[in-house]
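The values are calculated or read from the model by the stated rules, or taken from the named source; none is laboratory data. Only a predicted model underlies this, so the values are computations on that prediction, with no experimental measurement involved. Counting neighbours? That spans all protein chains shown, and the Cβs are built from the backbone with ideal geometry, glycine included. Remember, those area values only see protein heavy atoms, side chains included, never the ligands or the DNA or RNA. Shrake-Rupley method; radii C 1.70, N 1.55, O 1.52, S 1.80 Å.
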Amino acid sequence: MTTDLKSEKAFVVGWTGACGEDLSKELARRDVFREVVLVGRRKVELEQDDPRQKFQQAVVDFEKLEESSEVFVGCGVGFCLLGTTPREAGAEKFVKVDYDYIMAVAKLARQSGCKQFHLVSSVGANEKSVILYNRIKGKVENETTALEFDQLFIYRPGLLLRGDKTRLVEKFYAAMLKPVTVFKPKVGQISREDVAKCIVAKLLGASAERENKVQLLDNAMMHVAASSLEG
């Protein structure tokens, strides 16, 4: 794809979540693309000084996403940060969101000509895992890879530090990691802000890595990428 991102159109799915919020703000602040479409289930009223006011919002029904296929037309770059957990949503809803919805987005994006796709997955993703969460994450990674985007970036963050959006289970695991993270704060966890910075860093450097069609970044690699982002 073109190295001039300023001429590109992009979409962001999952932009109202913690990481998606920070990523969409980072893209707006840096004025990376010609046009950005924020895809969600409802329209969000943004503050007047929110830099994302310049972005288009597209309201879709993820149950019938194919009826909104025009949203993805012309988007050379796509970001998918959609996700929940079995504990938060229940097993059935989790599979619907983290598998059905995400794969519907990836397939429509690919069919619509998307060249570069960024997918936020999770540490432990493994299609053969006995743990539902890890199994679904791994299944999505494998099936998205099979779509053969020109470039695919898969991010596997550890424990997400979401600030005021931190889930109860995440608070529990953060406490469990405390004996280690008090001395090594980057081990096994990453902030929502650094997830966004990592994605932008890989986006801006993607043209120099075109030969590497699929990149899988673990938590440590994400920290390195985030710290490399300037500005």
> Cα-Cα over 27 Å: which of Lys6/Lys64; Lys115/Lys197; Lys25/Lys115?
Replying inline: Lys6/Lys64
>> From the protein chains alone at 1.4 Å, what is the descending order of accessible area for Tyr99, Tyr155, largest first?
In response: Tyr99, Tyr155
> Modelled label-to-label distance, Gln215 and Val130, 7 Å Cα→beta-carbon offset: nm?
Replying inline: 3.6
> Which value in nm describes the separation of the simple spin-label points at Val224 and Arg41, placed 7 Å from the Cα toward the beta carbon?
Replying inline: 3.8
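Mind scanning Lys9/Lys93; Lys43/Lys107; Lys54/Lys139; Lys9/Lys96; Lys137/Lys213; Lys43/Lys96 and naming the pairs with a C-alpha gap bigger than 29 Å?
Long pairs (Cα-Cα over 29 Å): Lys9/Lys93; Lys54/Lys139.
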> Accessible surface of Phe33 in the full protein assembly, 1.4 angstrom probe, to the nearest 10 Å²?
Replying inline: 10
> What GluC sites (Glu not before Pro) does the stretch 35-82 have in DSSP loop regions with at most 13 other beta carbons within 10 Å?
Replying inline: Glu45, Glu47
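Decide, for the chain, between rounded, prolate and oblate: order the square roots of the alpha carbon gyration tensor eigenvalues as a ≥ b ≥ c, take rounded if a/c falls under 1.5, and otherwise choose prolate if a/b is larger than b/c, else oblate.
Details: a/c = 1.35, a/b = 1.22, b/c = 1.11.
Because its axes are fairly even, with a/c under 1.5, the chain counts as rounded.
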